[in-house]
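Comments concern the structure below.
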């Protein structure tokens, strides 16, 4: 029997993808919140500047670059208090065998990730 990934597992997968990119780009992690829908997911430092990063796993066919503006504004307003920049990282995920099927633990997946989008 196939084991479908649940919302938290999909979120963790997206967090791992974004976290690896941040690490590769030289970010220093000050805080990581992997709990689903607790924002921001990453608080990180780069070039002596604080960054708040919202991470979302987005399943096909939804567009991973589209985010909830109310959420983004709320996190951005919080970040401003700390003189931080705010980013959204939407990670599109799909079953590599059939985009219409769910993601399963035993199967490969396709990633559609455009990188960090700054919320201004």
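Every number here is computed from the coordinates shown, using simple stated rules; none is lab data. It should be emphasised that the depicted structure is a prediction, and the values quoted were computed from it without experimental measurement.
From helices alone, the chain scores -8000 deg cm²/dmol at 222 nm; the rule is -39500 (n - 2.57) for each run of n ≥ 4 DSSP H residues, then divide by the residue total. Seen against the Cα atoms of the chain and their longest principal axis, helix 7-24 is set at about 50 degrees. Would you kindly state how much longer the chain becomes between residue 33 and residue 83 on full extension, computed as 0.36 nm times their sequence separation minus their alpha carbon distance, in nm to one decimal? Full extension from residue 33 to residue 83 adds 16.0 nm.
Fully extending the segment from residue 74 to residue 48, taken as 0.36 nm per residue of separation minus the present Cα-Cα distance, adds 7.0 nm.
Between residue 25 and residue 106, the contour length at 0.36 nm per residue exceeds the Cα-Cα span by 26.2 nm.
Expressed to the nearest 5 percent, the antiparallel share of DSSP beta bridges inside the chain is 65 percent. Mean projected area of the convex hull spanned by the Cα atoms of the chain, taken over all viewing directions: 7.4 nm².
Between helix 69-80 and the chain there is an angle of about 40 degrees, using the helix long axis and the longest principal axis of the Cα atoms.
Under 8 Å for C-alpha pairs, at least 6 residues apart: give me the relative contact order for the chain, rounded to a whole percent.
It rounds to 25 percent for the chain.
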